[in-house]
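Here is the structure we will look at.
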Amino acid sequence: MLGNFTYKNATKLYFGEDSLNYLNEELPKYGKNVVLIYGGGSIKKNGVYDAVMKILADNGKDVVEDPGVMPNPTSDKLRDGVKIAREHKADLLLAVGGGSCCDYAKAVSVSVNCDEDPWEKYYVRFEEPACEIVPVGCILTMAGTGSEMNAGAVITDRATKQKTGHVFGEEVMPKFSILNPRFTMSLPKRQMVAGIYDIFNHICEQYFSGEDDNVSDDLSEALMKSVIRNSLVAIEDPEDYEARSNIMWAATWALNTLISRGKTTDWMVHMLGQAAGGYTDATHGMTLAAVSLPYYKYILPYGLQKFKRFAVEVWGICPDGKTDEELANAGLAAMEAWMKKLGVTLSLSELGVTEDMIEGIADATFILEGGYKVLTRNEVVKILKESI
Ligand code: NZQ
Ligand code: ZN
């Protein structure tokens, strides 16, 4: 049964090869001052920067650049970004890049008109914005996080080694996002597969919880099958537009809040991965891949029915002649084989985690209660040790 819920998605989305043209329709809605937010320079190599700058100039915008947003954006960078946006009296924050740029733009947007320290306010005390929020637009160059159509913003505080997400309200969602699958084609393969696993895991996080028959889980299965099928094409031929466009759209649907409506969700893989990411600065999708199998193997007995369903509906495994446990485990074995084909990282040690970090990572892991098993701290340690 579906629980009660409200649903609104506040982001206008433009998708496809011509989608950047729609920036011309969006820009007149905002004042003259634009802060252009981007990362380490990939957009200068693949031509996206030049194309965006031309449209900004054609629309008479006064642009200040805020480059250098790193993967896993930091609280120090956030404070600098707030200063830049304040000094420029930003009317629009335009993020061009992956989830890190989109997340960072959202975190800046709620902090420009607020005197308090953004890390303390939003990531330590988890307060909601009480100030005017500067509008955000995104031009996405990497499929994975879903940040283009949600209100999440993950920030890392290097001093305390904490990587924390804040899911804001709909007023913080990008006002518009532009998704051209061609822009993702310059991604190195390692980033592409990390993004693909991130998408898949977002769906798992919302699927592995609850036993009810609900439309959200049916949608999740369809999305998972699409991600698996298209990922196998994309790793053979990264230039395959059909595969890359399906992956990009699936990423958006995986985390634009739709498939969590009316049901509980888990999110413990993200809590474990994020805590490891705070210690190592490792690629987000890879941290998830490294902890997933030990975590799912551990919780399988508590969510046996759903793991059986996962095996049959997502991986097409025939239940004949198998016990419940054999069937459920066969689903995870199929997932593991797919992860190996993708080439994602299957151990935390490959990401720089050492035994002596385990206690600290366990302390930094938020324990959530929506999944099949509410973990104890000892269980968190056990799973982390198995992920090494
Ligand atoms: O910085 P540049 O030079 O642009 O290079 C980036 C970066 O090195 C590169 N890249 C992106 N598009 C490219 C490209 N390189 C060549 N061609 C392109 N077209 O890829 C690298 C990774 O980019 P990043 O934005 O960091 O990746 P991703 O999209 O995976 O974002 C990761 C961040 O999002 C957070 C993660 O924790 C992490 O901080 N998340 C945000 C979520 C949300 N808002 O809901 C949920 C997620 O679970 C996740 O936690
Ligand atoms: Zn994620």
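Here are some notes:
- Within the stretch 100-117, tally of residues that are open to solvent by 10 Å² or more (accessible area, probe 1.4 Å) and either in a helix (DSSP H, G or I) or within 8 Å of ligand 1 (Cβ to nearest atom) (or both): 2
- Residue count for the stretch 193-219, restricted to those that are polar (S, T, N, Q) and within 10 Å of ligand 2 (Cβ to nearest atom): 1
- Matching option when the condition is assigned to a helix (DSSP H, G or I), within 16 Å of ligand 1 (Cβ to nearest atom) and closer than 30 Å to P188 by Cβ, among A333, A289: A289
- Looking only at the stretch 123-181, residues that are hydrophobic (A, V, I, L, M, F, W, C) and within 30 Å of E17 (Cβ to Cβ) come to 16 in all.
- In the stretch 206-226, residue farthest from F307 (Cα to Cα) [restricted to those that are in contact with a Ser or Thr (Cβ under 6 Å, 6 or more places away or on another chain) and open to solvent by less than 10 Å² (accessible area, probe 1.4 Å)]: Q206
- Hits in the stretch 148-171 (condition: surrounded by 24 or more Cβ atoms within 10 Å (Cβ to Cβ) and assigned to a helix (DSSP H, G or I)): E148, M149
- A85 satisfies every condition listed in (1) in a loop (DSSP other than H, G, I, E, B); (2) under 20 Å from A105 (Cβ atoms); (3) small (G, A, S) except (1).
- Failed item, numbered, when V136 is tested on (1) under 30 Å from E25 (Cα atoms); (2) within 10 Å of ligand 1 (Cβ to nearest atom): (2)
Rundown of residues vs (1) open to solvent by less than 10 Å² (accessible area, probe 1.4 Å); (2) at positive phi, yes/no style:
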{"site": "P73", "(1), (2)": "yes, no"}
{"site": "R79", "(1), (2)": "no, no"}
{"site": "I84", "(1), (2)": "no, no"}
{"site": "W119", "(1), (2)": "no, no"}
{"site": "F126", "(1), (2)": "no, yes"}
{"site": "G137", "(1), (2)": "yes, no"}
{"site": "M142", "(1), (2)": "no, no"}
{"site": "G146", "(1), (2)": "yes, yes"}
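- Check on K306, surrounded by fewer than 23 Cβ atoms within 10 Å (Cβ to Cβ) and closer than 21 Å to A222 by Cβ: yes
- Filter result (of a type in the set (D, E, K, R), in a helix (DSSP H, G or I) and touching a helix residue (DSSP H, G or I) at 6+ places or on another chain (Cβ under 6 Å)) within the stretch 227-277: R244
The values are calculated or read from the model by the stated rules, or taken from the named source; none is laboratory data. What you are looking at is a predicted structure, and each value in this text was computed from that prediction instead of being measured. Using ideal geometry, Cβ is built from the backbone for each residue, glycine included, and neighbour counts are taken over all protein chains shown. Ligands, DNA and RNA are stripped out before the accessible areas are found, and what is left, the full protein with its side chains, is counted by its heavy atoms. Shrake-Rupley method; radii C 1.70, N 1.55, O 1.52, S 1.80 Å.
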